[in-house]
Each structure stands twice: as C-alpha cells, then as structure tokens.
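In what follows, a single structure is set out as structure tokens and then discussed.
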Amino acid sequence: MALIVAVSLPLLAALLCWVKPLRSIAWGITVFCLSISFATSIMTAGQVLRDGRAVAIPGWIEVDGLSALVVLLVSFVCTLAAIFAGGYMRHGSQQTERLWRFYCNYNLLAFALIVVPAFASPNMVWVGVELITLFAILLVGFEGTPSALEAAWKYAILTLMGAPISLLGFLVLYWAYHSSGGGTAETWQGLSAMSSTMPPNLLKFAFLLVFVGFGTKVGLAPMHTWLPDAHSQAPTPICAVLSGIKTTVPLYAILRLLAIILASPEARIGNWMVVIGLFSVGIAAFLLLQVRDYKRMFAFSTVEHMGIILVAAGFATHEAAYGAVAQMLNHSITKSLCFYTAGMVLLTLGTRQISEVRGLIRTSPFVGGALLLCSLAIAGAPPFPIFLSEFSILAAGLRSGHNVAVAILATLIVVAFVAIMRQVNGMLFGKPESTAPVERVPLSCRTAVVLAAIPVFILGVYIPGPVHSLLTLAAQQLGGH
Amino acid sequence: MAGAQTQLIEGLNALSAGLILLTAFGMVATRQVQGVMRFFVVQSAFLAASAFLIGFDRGSIHLLALGVITIAAKVIAIPWVLKRTLPGDLYERREINQVINIPSSLLLALLLAIAAEFLVSPLLATTPDPVIHVNLPIGLAGILIGAYSLIARREAIPQLIGILAMENGAFFAGIAIAPDLPLIAELAIAIDVVLIAVVIGVLTRNITQTMGTTEAAAMSELREEPPPWR
C-alpha cells in the first residue's frame, strides 16, 4: 500500500501543478506530495526489512532490498531538490512566468525515477528509463538559452541513441528467459532464479546491448561527453537530481542484470566491468584536473563515482557488493548536497567560472563553509561516508585478489581528491575580487542544504541498524561469492 | 496444406526483411529531409507487414496488435506530430550535409550489415526457427545502420529519424524473438517511441527559434577547454 502511494504521488502532483487555479502554488504542491512520497518509501523500506519484499501489484510493482534502497534515495533527493528549487528558481531563473511548467515536468521526472526501481519486469524498466531521459531533456533545456539548448540536444542524441540498443538487449533477454522454459511473466526475481539454465550466449549478448545502451545514460566513459554539459547547464535543482540519482537508476538496472550473469557460468564478465569502471574513473580523474567550471567539476566527479561502483560490482564478492550499494547511497546524498552548494555559489556570485570565485569563505561564510564540507565529503576525506565505502571497496578488492585493479583505483581516487581540493582551495581562500555586498541566499535553499547535510554527517561516523540491514539486503541481490 | 502456407508466409517475411534493409540503405543514400522521412514511413509499413504475416501464421494476437500499433504510431502519428511541431521550411527540399559522402556511406552500411550477420551467428545456433534466422540479423543491421546515419548526419530531423529507424530494427528483431511480449509492455514501448519524436520535435523547434539553424555542427560552444599547461 505504502509503495503505491510512494509511486503515484509524484504523478498526482504533476497533474495538480498543471491545473490552472493551482499553478501559482505549484511549488507547495510539489514539496508536499514528494515529502509524503518520501515518508511512504521509508515505510516501504521498513516493510522490506521485515518481510524481505513489498508487493503492490504482483508481477508489475514489487520491491526487494536493492530496489527499496533506490526508491528511498530517489524520493529523498527529489524532495530536497524540490525544496531547494523554491528559492533558486525564483531568483536564478529567467522564466519565472513558466515556473508551473517546470514543477509539472519535475514531478513527472520524479515519478519516472521512482517507478523504475519499483518495476518488477525488465521490459517496463526500459520504458521507465526512456521516460526519465525524455523528461530530463526538457528540464535541461528549460532556460531556453543557446547553451542550455545545446546541452539538451547533445544529451538527447547521445542518450536516445542508446534506447534502441538496450531495447534489443531486453528483447534478447526475454527470448533467453522463454526459450529456457520460463513460463510465467518475466520478472527480475524469475530471471535470477533461472540464471544458471538460460543459454549463456544469449545472456551475454543481452547484457552487452543493455550495458552499451544504458551506459550512455549512466555516463560511463567514453559515452560520458554529454554529462558535463547537461549537468552544468541545467537549472541547479535538476543538476542535483541528474547527478545524484538519474545516473544511479540506469546503473541499478545494469547491476541487476550483471548479478544474473555473474550467477551463470559466464562469471568472467566481472573482470571486464572492472576494466571499464577503471577507465571511467581514470578519464574523470584527469578531466577534474583541468576543469574551469565548478558545476562541471561536480559532474565529472559523478563519472568517477559511477566508475567506482562498477568496479566494485565487477569484483563480485559479497563484501564488494556491500561496498557498491553503500557507495550508491553515499554518492547520492553527497552529490546532491554538492549541487545545492554550487547553486548557492551561483546565486550569490552569478558566475560559473572557478577562477572568478575567490575568498568565498570571507564574503559568505555559510556558502563557503558548505562548499568546503561538501567537497571534502565528495572527494572522499574522512570522516565522511564516501571515505568509508571507498575504503571497504578497496579492502574487498584486495581480499578477492584484484591487487593491480585496487592499486590503480586507489591512485586514481587520490588524483581526483587532489584535483577537487586544489580547485576548491582557490575558490574558498585568497583575496575576494570585489568587496561589494553579495546577494543573500533564499531561506528554502539554506533549509535544503542543512537537511541534506544531516545524513552526510551522520553516516560518516555511525551507520544506524536499519540502514545497515537494508544495505546488507541490497548487497545480497547483487550476488557475488 | 498448412506447410505450404507457412512456407509462403516465411518467404514473404524474408521479402519484407530485404525491403527493410533496402529502405535503411535508402535513408543513408538520400540527400533530402523529406526523402529520408518517406523512406522511414515505408520501412515502418514493411515492419507492420512482417508483424501481420507472422502473427497470422502463428495465430498470435500480440503480433497482430503490434502491427496495428506500428501503423498507428510510426506511419500515422510520428509524421503528423513532426509536421505539426516543426516549421514548414525545415522540410522543403533541404539538402543534408554529410560528414562522409554517399558512396562511401553506402559501402560502410553494407559492411555494417555483414557485421550484424556475423555478430548474431553464435546466437542463431541455439534455435532452428527460420524466422529468427531472418529477423535477428536484419534487425541488428537496421540498428547499426541507423546509428551510423545518426553519427554521419549533422542535421536535427535526419538524426531523429535515425533514432526511430534504429527502433524499427529492434522491433523487427523483436517480432521473431519476443512474439508474446505482454501487451502493456508493447503499448508502453510504442508510446515511448512517439514521445521521443515529440520531445525531439519540440527541442528542435526551440533550437530553430533561438539560433536559427538546426545544424548540429553549429552547436559547439560547450566543450572542454585546453588544459592550462598546453
């Protein structure tokens, strides 16, 4: 029951925002509906912890540990980004008379993001992921400036090109399932039960197609070129959603399929995942060194983290799977915080260039302090949660004998850390360029930042029992040996 | 004479497969926006024909529904939606600039079709079904050729049609390998395809209004700057 509410409320909110008399309070409707959706997804997670899974419509809408975690992350980030959008869009957007459209579209995006992990059938996951892409394209180009439209166009062509490729992948998967006697409707659960009897050739081919098709949407190198453009040109609340969870959701589908392959005799594919993941981390780490725009910087850091999660999944052990899901959780909460902070910097100073921001900690202590903390957290410094999950991934890699991969990964993480801290150092300290009084950040933005910072602080030093059990449950679905 | 009928239908299916491949080549070889659009509509019609043939032969309601959905979405809805959302001059006898000239493009498309045959040959070993042996390689070839025209063309509408042609390829393979896909999934996929056309159409209109061109090559403001040490 709670699951149905969590999934359908964003859709209802989109409808309400569209109704003419309610357009002026679109922000309130969005925040209200999404917070209830967040509360009900916590209830769903509780139900999953008790019973192992929660079923709303059998065969269509079901969640297990892994999907409950993703649903929870999606509704958390979407709610906070909606709160942040209130003040940000009023002050930072040129399109104030079209704001109801923004919220309408935003709710549709939130709906698509929540429903993908809740779908039990892989074919519907494809449909949902394409819907996410379409709604996100419209939001990236929302401002209508030439550079925003250019970013939206690049995003559209590259990621929609992946759509037919992954569609064929899912059709081949369906063929594999049915040709090996899977009688009832195809679900993730049924697929993993059948993984050892499906023809390995078909399974490999299906995985390859889905990996390429969805890899464009995750932003894995070398298909990442749209990501920094889209994530830097979109309105900042959208960047938080895109970077924080929109990349995680297709990756969730890839990991689901990877778990099915790893359970079949074709386990070698794990090593390929390690190689491809390392390639993404490497590309991102070196691009971070030369980046000039702080929103692009956080976007490249997303490519880095997606690569790390893929590497962890490729190690294919229980410990590494735990590290992978923990990294997913920590990346989502930390990266959205980073973009809220970047949005505040943009609101106060009106520039995206790193070189034009100097001495922020003196001109605006709140924004500067938030930037310092979130960059330390996203770069992986202790005592923040990303440090813990990266450390556990490296340790799990060593224990499973992937010594070379761990050495490369550790080096690249250090390069990325140095790159981020060097850029942020210049922004925070030094002499402010002008002494003109800066614009005050709206209250809703400050609220969103404080709320988003709470889990980042807590999870770094203490993982509450229920969170730990949910992560363990989610890691079980990723398999491994 | 059920056997003779099946053989005839499989022959007709192979014929529409060949014509689908030919229309894919046609899209690569055409220089005008309107021509590319016509080839796409013809290709979708052959796709629907193949769904009707196989659906009739195997008594599959799903495939007959897929045929109807294809006609409704791709032969009627998408051309209509694009006509409505886009300013007329985008259609009028426009020549498309192409990165690689047409004879070499056709040669590359031919190589891609042969590559598709090789790529799927290990999969075909798992099944004796003659329809899969025809549809899967041709479907994959359609996807690869569509992807090629997407990369080689630098104009909005031909790029969109490239994506839709790739989708046709996936559907054509799907007729053979996933004939009893649940109807809800099929409908959802079809609606998704129409939405892709709508979203790209709207985006293209906004781009023409703001920048006055739909040449993707003109959009190059966003890129990585050279590193400071160079």
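Select from the range A:377-400 the residues that are in a loop (DSSP other than H, G, I, E, B) and touching a helix residue (DSSP H, G or I) at 6+ places or on another chain (Cβ under 7 Å) and write down the one among them that is farthest from A:Val467 (Cα to Cα). Step through it out loud before you land on a result.
Taking the range A:377-400 as the starting set, the residues that turn out to be in a loop (DSSP other than H, G, I, E, B) are A:380-384, A:400.
If we keep only those that are touching a helix residue (DSSP H, G or I) at 6+ places or on another chain (Cβ under 7 Å) as well, we get A:380-381, A:383-384, A:400.
Values: A:Gly380: 20, A:Ala381: 21, A:Pro383: 18, A:Phe384: 16, A:Ser400: 25 Å.
Checking each candidate, the answer is A:Ser400.
Which of (1) surrounded by fewer than 22 Cβ atoms within 10 Å (Cβ to Cβ); (2) at the interface with chain B (Cβ under 10 Å from one of its Cβ atoms); (3) over 20 Å from A:Gly215 (Cβ atoms) is the odd one out, the single condition A:Leu158 does not satisfy?
All conditions are met except number (3).
Let me confirm something: among A:Leu388, A:Leu412, A:Leu471, which residue is within 30 Å of A:Ala263 (Cα to Cα) and over 20 Å from the mean Cα position of the chain (by Cα)?
Numbers: A:Leu388 fails: over 20 Å from the mean Cα position of the chain (by Cα); A:Leu471 fails: over 20 Å from the mean Cα position of the chain (by Cα).
Checking each option against the conditions leaves just A:Leu412.
Given A:Arg90, A:Arg101, which one is within 26 Å of B:Val193 (Cβ to Cβ) and either among the basic types (Lys, Arg) or in contact with a Cys (Cβ under 8 Å, 6 or more places away or on another chain) (or both)? Can you show your working first?
Working: A:Arg90 fails: within 26 Å of B:Val193 (Cβ to Cβ).
On inspection, the qualifying residue turns out to be A:Arg101.
When the residues of the range A:203-224 are narrowed to those that are within 14 Å of chain B (Cβ to nearest Cβ) and not in a helix (DSSP H, G or I), which ends up farthest from the chain's Cα centre (by Cα)?
A:Pro222
Taking A:Thr187, is it β-branched (Val, Ile, Thr), over 30 Å from A:Gly87 (Cβ atoms) and touching a strand residue (DSSP E or B) at 6+ places or on another chain (Cβ under 9 Å)?
Values: β-branched (Val, Ile, Thr): yes; over 30 Å from A:Gly87 (Cβ atoms): yes; touching a strand residue (DSSP E or B) at 6+ places or on another chain (Cβ under 9 Å): yes.
Considered against the rule, which asks whether it is β-branched (Val, Ile, Thr), over 30 Å from A:Gly87 (Cβ atoms) and touching a strand residue (DSSP E or B) at 6+ places or on another chain (Cβ under 9 Å), A:Thr187 comes out as yes.
Within the range B:181-213, how many residues are more than 9 Å from every other protein chain (Cβ to nearest Cβ), touching a residue at least 12 places away in the same chain (Cβ under 8 Å) and either farther than 24 Å from B:Gly142 by Cβ or among the small types (Gly, Ala, Ser) (or both)?
Total satisfying the criteria: 5.
Condition check ((1) of a type in the set (S, T, N, Q); (2) within 9 Å of chain B (Cβ to nearest Cβ); (3) touching a Ser or Thr at 6+ places or on another chain (Cβ under 8 Å)) across all residues:
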position: A:Val127; (1), (2), (3): no, yes, no
position: A:Trp153; (1), (2), (3): no, yes, no
position: A:Ala163; (1), (2), (3): no, yes, yes
position: A:Leu168; (1), (2), (3): no, yes, no
position: A:Tyr174; (1), (2), (3): no, yes, no
position: A:Ser196; (1), (2), (3): yes, no, yes
position: A:Asn201; (1), (2), (3): yes, yes, yes
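Only one of (1) within 14 Å of chain B (Cβ to nearest Cβ); (2) surrounded by 20 or more Cβ atoms within 10 Å (Cβ to Cβ); (3) in contact with a Phe, Trp or Tyr (Cβ under 9 Å, 6 or more places away or on another chain); (4) in contact (Cβ under 8 Å) with a residue 60 or more places away in the chain is not met by A:Trp60, so which one is it?
(2)
Can you find even one residue in the range A:335-348 that is outside any helix (DSSP H, G or I), at pLDDT 90 or above and surrounded by 23 or more Cβ atoms within 10 Å (Cβ to Cβ)? Outline the logic, then answer.
From the range A:335-348, those outside any helix (DSSP H, G or I) are none; that's our starting set.
No, the conditions are met nowhere in the range A:335-348.
A:Ile36: assigned by TED's automatic domain parsing to the domain that holds A:Phe111, surrounded by fewer than 23 Cβ atoms within 10 Å (Cβ to Cβ), over 20 Å from the mean Cα position of the chain (by Cα) and of a type in the set (Val, Ile, Thr), yes or no?
Against the criterion (assigned by TED's automatic domain parsing to the domain that holds A:Phe111, surrounded by fewer than 23 Cβ atoms within 10 Å (Cβ to Cβ), over 20 Å from the mean Cα position of the chain (by Cα) and of a type in the set (Val, Ile, Thr)), A:Ile36 qualifies.
Being within 17 Å of B:Val198 (Cα to Cα) and within 10 Å of chain A (Cβ to nearest Cβ) is the filter here; which residues of the range B:145-165 pass it? Talk me through it step by step, then tell me what you get.
Let us first name the residues in the range B:145-165 that are within 17 Å of B:Val198 (Cα to Cα), namely B:155-165.
Passing the criteria: B:Ala156, B:Gln159, B:Leu160, B:Gly162, B:Ile163, B:Leu164, B:Ala165.
Starting from the range A:19-44, take each residue that is touching a residue at least 12 places away in the same chain (Cβ under 8 Å) and part of a helix (DSSP H, G or I) and list its partners that are surrounded by 17 or more Cβ atoms within 10 Å (Cβ to Cβ) and of a type in the set (Ser, Thr, Tyr), counting only C-beta distances under 6 angstrom and pairs at least six apart or across chains.
A:Ala26/A:Tyr103; A:Thr30/A:Tyr103; A:Leu34/A:Thr79; A:Ser35/A:Thr79; A:Ser37/A:Ser75; A:Phe38/A:Ser75; A:Phe38/A:Thr79; A:Ser41/A:Ser75
Would you kindly identify the helices (runs of 4 or more DSSP H) lying entirely within the range A:231-322 that contain at least 3 residues that are over 30 Å from A:Arg446 (Cα atoms)? Before the answer, list the steps.
Working: elements: A:236-241, A:248-263, A:269-290, A:294-315.
Here the list reads A:248-263, A:269-290, A:294-315.
Yes/no per residue for (1) more than 20 Å from A:Cys239 (Cα to Cα); (2) within 14 Å of chain B (Cβ to nearest Cβ):
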site: A:Val291; (1), (2): no, yes
site: A:Glu304; (1), (2): no, no
site: A:Ile308; (1), (2): yes, no
site: A:Ala313; (1), (2): yes, no
site: A:Ala320; (1), (2): yes, no
site: A:Val325; (1), (2): yes, no
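Here is a check on your reading of the model: is A:Ala185 surrounded by fewer than 20 Cβ atoms within 10 Å (Cβ to Cβ), over 24 Å from A:Thr248 (Cα atoms) and within 13 Å of chain B (Cβ to nearest Cβ)?
Working: surrounded by fewer than 20 Cβ atoms within 10 Å (Cβ to Cβ): yes; over 24 Å from A:Thr248 (Cα atoms): yes; within 13 Å of chain B (Cβ to nearest Cβ): yes.
The answer is yes for A:Ala185.
Does at least one position in the range B:169-180 carry a residue that is more than 9 Å from chain A (Cβ to nearest Cβ) and closer than 19 Å to B:Ala24 by Cβ?
First, the residues of the range B:169-180 that are more than 9 Å from chain A (Cβ to nearest Cβ): B:172, B:175, B:179.
Those left that are additionally closer than 19 Å to B:Ala24 by Cβ: B:172, B:175.
Checked the range B:169-180: at least one residue is more than 9 Å from chain A (Cβ to nearest Cβ) and closer than 19 Å to B:Ala24 by Cβ.
Which count do you get for residues in the range A:45-54 that are part of a helix (DSSP H, G or I) and either surrounded by fewer than 20 Cβ atoms within 10 Å (Cβ to Cβ) or among the basic types (Lys, Arg) (or both)? Give the steps one after another, and end with the answer.
Pass one, the range A:45-54, residues part of a helix (DSSP H, G or I): A:45-51.
From what's left, either surrounded by fewer than 20 Cβ atoms within 10 Å (Cβ to Cβ) or among the basic types (Lys, Arg) (or both): A:46-47, A:49-51.
Counting residues in the range A:45-54 that are part of a helix (DSSP H, G or I) and either surrounded by fewer than 20 Cβ atoms within 10 Å (Cβ to Cβ) or among the basic types (Lys, Arg) (or both) gives 5.
The values are calculated or read from the model by the stated rules, or taken from the named source; none is laboratory data. All figures in this text were calculated on a predicted structure; none of them were measured in a lab. A quick note on method: Cβ atoms are made from the backbone with ideal geometry, for glycine too, and the neighbour counts reach across all protein chains shown.
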